[in-house]
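This structure is in structure tokens; I'll ask about it shortly.
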Amino acid sequence: MKKTLQEIADIVGGRIAGDAAIEIEGLDNIAGAGAADLTFAVDPHIEEAKTCKAAAVMLPEGVEDFPKTALYVDDPRAAFAKLLNIFTPKLERPVEISDKAHVGKDVKLGQNVTIMPFAMVDDHAVIGDNVVLYPHTYIGQYAEIGDDTVVYSNATVREHCRVGKRCVIHSSAVIGSDGFGFTTKDGVHTKVPQVGIVVLEDDVEIGAHDGIDRAAMGATVIGQGTKIDNLVHIGHNCKIGANCLIVAQTGISGSTTVGHNVTFGGQVGTVGHINIGANSVYAARSGIIGDMPEGVFCAGFPVQSHTEWLRMQAAMKRLPEMMKKMKQLEKKLAKYEG
């Protein structure tokens, strides 16, 4: 694909400083961009972009004295993401139900559904319009898949679970695995039946190898617009709010309620049966062991204010020096006491 920089500016609503007639053939990062590519830069990478090989650089408004042809926009990341959709070739696949797929009895299929070879849609499931099911997916009995949703290879949506519109479920994710519920008597663990479901609201994305447990009773809910990275576990009966970001290897224990717009960094862990307030950020490896208020930025284990955690980390680097001084003071004090 080729587009002039002016055509690209019209798409993203930007302004050009330099040669608007430059032809752009591709998009790449600062290090990889070549002479026919467009890249983007935001702080702290703007200095690096000044010497890159790209034909032009997309920048935020307010950057001055840039030596290369520049395309100025309000939000370079969002604008570049929009261009990636345009420049990336669309996958070609027939809109059909393969004769090598299995579709059970009393299944309701919407329009323009694609079911690839070796996918299985079990009895009484409901598949919405424009849904794509890749090979070796399993859609359980009475499960519902909303319009324009894509389920990638080897992913599973278990019985009775509901998936909203425009969702993406990546390979090997399991929606509706049994919650971890057991009673123990005399050292013997007995399974508690997990008879609830999972509900993914509209525009949710589930990463590869995620496990979203079905509720013991009721529903585990992932709120609208929430995006979950790979290798994440959500325990049974959790309620995750809208527009959350949950990064890889995070584990959220059962019956935890999370407000909207919460970000969990990688490897965050929580205890169960707690409430985590909205509009909050938890840095990687935070350990959340109790209820949390709204609007906080926290880190560490046990979790604390990010500012306090930084102070503690800075102090820990001085511990060897402090220990040395303490021993010297102890020796001096011992002389005075003698």
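The values are calculated or read from the model by the stated rules, or taken from the named source; none is laboratory data. Keep in mind that this is a model prediction, so the values were computed, not measured. Reconstructed Cβ throughout: ideal geometry from the backbone, glycine too, with neighbour counts over all protein chains shown. Protein only, heavy atoms only, side chains kept; ligands, DNA and RNA dropped before computing areas. Shrake-Rupley method; radii C 1.70, N 1.55, O 1.52, S 1.80 Å.
5 Å is the cut-off here: which amide hydrogens, built 1.01 Å from N in the peptide plane, fall below it relative to Phe301, excluding neighbours closer than 5 in sequence?
So Phe301 has HN proximity to Gly287.
Using a 1.4 Å probe, what is the accessible area per residue for the chain, in Å²?
54 Å²
May I ask you to derive the FRET efficiency for Thr263 and Ile289 from their Cβ-Cβ distance with R0 = 25 Å, giving the value to the nearest 0.05?
The calculated FRET efficiency here is 0.85.
Moving on. Could you run the Karplus curve 6.51 cos²θ - 1.76 cosθ + 1.60 with θ = phi - 60° over region 199-210 and give me ³J(HN,Hα) per residue in whole Hz, x for Gly and Pro?
10, 9, 6, 4, 6, 8, 10, 10, x, 5, 6, 7
Treating the beta-carbon of each Lys and Arg as +1 and of each Asp and Glu as -1, no other charges, what is the dipole magnitude of region 1-56 about its Cα centre, to the nearest 20 debye?
Dipole of region 1-56, to the nearest 20 debye: 60 debye.
Next question, about the same structure. Charges at C-beta only: +1 for Lys and Arg, -1 for Asp and Glu. How large is the resulting dipole of region 1-128 about its Cα centre, in Debye rounded to 20?
For this selection, approximately 380 debye.
Then there's this: Of Ala283, Gly207, Gly259, which is farthest on the positive side of the dipole of region 198-292, counting Cα position, with +1 on Lys and Arg Cβ, -1 on Asp and Glu Cβ, and the Cα centre as origin?
Ala283
Continuing with the same structure: Classify region 245-338: rounded, prolate or oblate, from the alpha-carbon gyration tensor (a ≥ b ≥ c, eigenvalue square roots; a/c under 1.5 rounded; otherwise prolate if a/b is larger than b/c)?
prolate
Roughly how many debye, to the nearest 20, is the charge dipole of the chain about its Cα centre, given +1 on each Lys and Arg Cβ, -1 on each Asp and Glu Cβ, and no other charges?
1640 debye
May I ask you to derive the FRET efficiency for Phe182 and Met322 from their Cβ-Cβ distance with R0 = 45 Å, giving the value to the nearest 0.05?
In this case the efficiency is close to 0.45.
Here's another thing I want to ask about it. For region 116-210, rounded, prolate or oblate, judged on the Cα gyration tensor with a ≥ b ≥ c (square roots of eigenvalues), a/c < 1.5 rounded, else prolate if a/b > b/c?
prolate
Excluding ligands and nucleic acids, what accessible area in Å² is computed for Lys324 using a 1.4 Å probe, to the nearest 10?
Counting only protein heavy atoms, Lys324 exposes about 130 Å² to solvent.
Which entries of Lys3/Lys53; Lys2/Lys227; Lys50/Lys317 show an alpha-carbon separation above 26 angstrom in the structure shown?
In this structure, Lys2/Lys227; Lys50/Lys317 exceed 26 Å between Cα atoms.
A further question follows. Efficiency by 1/(1 + (r/R0)^6): what FRET value for Ala20 and Leu91, r their Cβ-Cβ distance, R0 = 35 Å, to the nearest 0.05?
Efficiency, from the Cβ-Cβ distance: 0.65.
Top to bottom by accessible area (1.4 Å), largest first, where do Phe66, Phe264, Phe297 land?
So the residues, ranked largest to smallest area, are Phe297, Phe66, Phe264.
Could you order Leu245, Leu133 so the one with the most accessible surface comes first? Probe is 1.4 Å.
Leu245, Leu133
To make sure I understand the rule: partners must be lysines, Cα under 29 Å from the Cα of Lys335, and not fewer than 8 residues away in the same chain. Which ones qualify?
Lys324, Lys325, Lys327
Something else: Taking the DSSP beta bridges in the chain as the whole, what percent of them are antiparallel, to the nearest 5?
The antiparallel fraction comes to roughly 15 percent.
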